[in-house]
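One structure is given below, encoded as structure tokens.
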Amino acid sequence: MQWRALVLGLVLLRLGLHGVLWLVFGLGPSMGFYQRFPLSFGFQRLRAPDGPESPALGPAGQPGPPGGPSGPSWLQPPVPGAAAAGRRRAPRRPEPGVCGPAHWGYVLGGRGRGRDEYEKRYSGAFPPQLRAQMRDLARGMFVFGYDNYMAHAFPQDELNPIHCRGRGPDRGDPSNLNINDVLGNYSLTLVDALDTLAIMGNSSEFQKAVKLVIDTVSFDKDSTVQVFEATIRVLGSLLSAHRIITDSKQPFGDMTIKDYDNELLHMAHDLAVRLLPAFENTKTGIPYPRVNLKTGVPPDSNNETCTAGAGSLLVEFGILSRLLGDSTFEWVARRAVKALWNLRSNDTGLLGNVVNIQTGRWVGKQSGLGAGLDSFYEYLLKSYILFGEKEDLEMFNAAYRSIQNYLRRGREACNEGEGDPPLYVNVNMFSGQLMNTWIDSLQAFFPGLQVLIGDVEDAICLHAFYYAIWKRYGALPERYNWQLQAPDVLFYPLRPELVESTYLLYQATKNPFYLHVGMDILQSLEKYTKVKCGYATLHHVIDKSKEDRMESFFLSETCKYLYLLFDEENPVHKSGTKYMFTTEGHIVSVDKHLRESPWKEFFSEDGGQDQEGKSVHRPKSPELKVINSSSNCNRVPDERRYSLPLKSVYMRQIDQMVGLI
């Protein structure tokens, strides 16, 4: 009898312990703190888009434990009737104390930490001394990269930071588009970094750099470059620097150039004229992807181009047209946007990612928010902000509705309700059906765009997903498979998109969490990418092997956004001028002069152009005129500012995503 009593006692003790664990760790009735963060979330068995179930996969793509739900809601099509409703969800104001998604941790795998650590680490304000330290670190990062470029690479286009030498176009291999699309033998890194120098208040170096560009850079080169890259990196920077120089208010300090005679604007005009042949002899009005700066479109040019490359020229070309008083450039860019827009699916309203410029047929039918489409959506909104053309806003709103109806998967709210948290996936433009289970790092720009339209809660949620990936690898892999929970493409070329969204979300929320994110990114870059003469591309985000390349956008965007994130007193935030950043991070003041268009009727008509596209009709270009842009316009798309109390539990979930313990 004694042994029976002993066994019964052990059984009762075990049941009692299970009951305690059930209550303490949230497996039973909630006591309030974890109400929004049930620990039971997760999926171990995933279903491919058109295939059988696959076994569970852990953080490194290894099989996980059996059982669990049949698969995340991202693999499922949108709720029937949602697309037909055709309406955009109204931006939601986050509830007090709710800072973001609770469940990404269980999607990416991980374990928790103690509550006290998170209270200590995240819930307090970011100390001013730490903010100043991070600001100086960001500035030092830029200076280290810039000084080494000037010492070892200038006048070539890029710096090879490992071997401390310059890089230009690959003349020996014209098919090396990864290099030749970007490098045009025009001191790219110097040109691209001009406005970063100004924003950081370095007037002496800015003035020196501008004079170097005027004296040494020429576009009369036998270089075949991508129209898109030359436009956003070079044309955009020249226009931004020109406006900084000619701004009568000089908010960044004295950035004026003695005896400046609009040379940067002349150079921008010269480059744009050399890019214009891309718009000729195209039956659709969609430009060729590449031009030779001396000879025009190469005879063997590809007739296929990506939507973003052809449809993201309007901001720079529009600014140039309005500064010159010459509609040519804006007209050809706007014509390309409208041509692409008219090719969207009648059923879904979505666009594909690759199109034939002669036939107008979609070669790539994938619709997503990443490579091939990203900046097309960005520039629909930013063109409206700059120029005030209502049709740009109408196109953006229609595109955003289609994105919400067909690309957004998961539950309606970020932090509550049934199902998985929201994610934007890649679908077929005609059917809206899932095409693959990966997202790419360029998509990390989208939370920043959502901030501009006031959809802040969705922006918070999506940003948290990318930050969780960063926390796991100390970088953002070029492509991440959310089904396998592992990278598909492993390199990280120092891209700025996550930093940009972090900066814009901080400006919208003033939540110190985003300062912690920026600090994490800064420290990761210092730890994993800094080399002898600069910062190097990560070839492999897991083993941290490197490639000998520092792309120009590292100085023009990544360092700039990190610096602005921590520099609360920067004139960008305090001068009273409204600013906008181009897709390459070049700063542009938003003022009434850019909203004055004397050729609106011309844009709404055919203008006598040849329907076969053999030549582009353009009005006669007047003499170069300068419109000084020193005044501000009225406030454009409403600014929404949220004060979001920080919850340490949210930060706990972020680290659970990446399995830091």
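When the Cα centres of the stretch 419-458 and the stretch 324-393 are compared, how far apart do they sit, in Å? Each part's Cα centre sits 18 Å from the other's. Between amide H atoms placed 1.01 Å from N, distances below 5 Å from TYR579 occur with VAL590, all of them 5 or more places distant or on a separate chain.
Each part reduced to its alpha carbon centroid, the stretch 248-273 and the stretch 192-217 end up 10 Å apart. For TRP482, TRP438, the ranking by accessible surface with the largest value first comes to TRP438, TRP482, using a 1.4 Å probe. With K and R counted +1 and D and E -1, the other residues having a Cβ less than 12 Å from that of ASP374 yield a net charge of -3.
Which GluC sites (Glu not before Pro) in the stretch 488-541 pass both tests, a DSSP loop state and at most 14 other beta-carbon atoms within 10 Å? For GluC sites (Glu not before Pro) across the stretch 488-541 that sit outside H, G, I, E and B with at most 14 neighbouring Cβ atoms in 10 Å, the list is empty.
Can you bin the stretch 329-395 into rounded, prolate or oblate? Criterion: square roots of the alpha carbon gyration tensor eigenvalues sorted a ≥ b ≥ c, rounded for a/c under 1.5, prolate for a/b above b/c, oblate for the rest. Cα axes put the stretch 329-395 in the prolate bin.
Can you tell me the equivalent ellipsoid semi-axes for the stretch 464-541? Use √(5λ) from the Cα gyration tensor, largest first, whole Å.
Working: eigenvalues 88, 61, 18 Å².
Semi-axes, largest first: 21, 17, 9 Å.
Among the lysines of the stretch 513-596, pairs at least eight places apart or on separate chains and with Cα atoms under 27 Å apart come to 16.
Quote to one decimal, in nm, the extra length available between ARG165 and ASP254 on full extension: 0.36 nm per residue of separation minus the C-alpha distance between them. Don't skip to the end; give the middle numbers.
On the way: separation 89, 0.36 × 89 = 32.04 nm, distance 3.25 nm.
Result: 28.8 nm gained on full extension.
In the assembled protein chains, ARG409 presents an accessible area of approximately 10 Å² (probe radius 1.4 Å).
Per-residue surface analysis assigns ASP147 an accessible area of about 80 Å², computed on protein heavy atoms at 1.4 Å probe radius. These residues, LYS532, LYS578, go from largest to smallest accessible area, 1.4 Å probe, as LYS532, LYS578.
Between GLN523 and ASN262, the simple label model (points 7 Å from Cα in the Cβ direction) yields a spacing of 5.1 nm.
Net charge of the neighbourhood of ALA308, taken over other residues with C-beta under 10 Å away and scored Lys/Arg +1, Asp/Glu -1, is -2.
Across the stretch 499-569, the mean sequence separation of Cα contacts (distance under 8 Å, 6 or more residues apart), normalised by length, yields a relative contact order of 34 percent.
The values are calculated or read from the model by the stated rules, or taken from the named source; none is laboratory data. A quick note: this is a predicted structure, and the numbers were derived from the prediction, not measured. All Cβ positions, glycine included, derive from the backbone under ideal geometry; neighbour counts span all protein chains shown. To get the accessible areas, we keep the full protein, side chains included, count just its heavy atoms, and leave off ligands, DNA and RNA. Shrake-Rupley method; radii C 1.70, N 1.55, O 1.52, S 1.80 Å.
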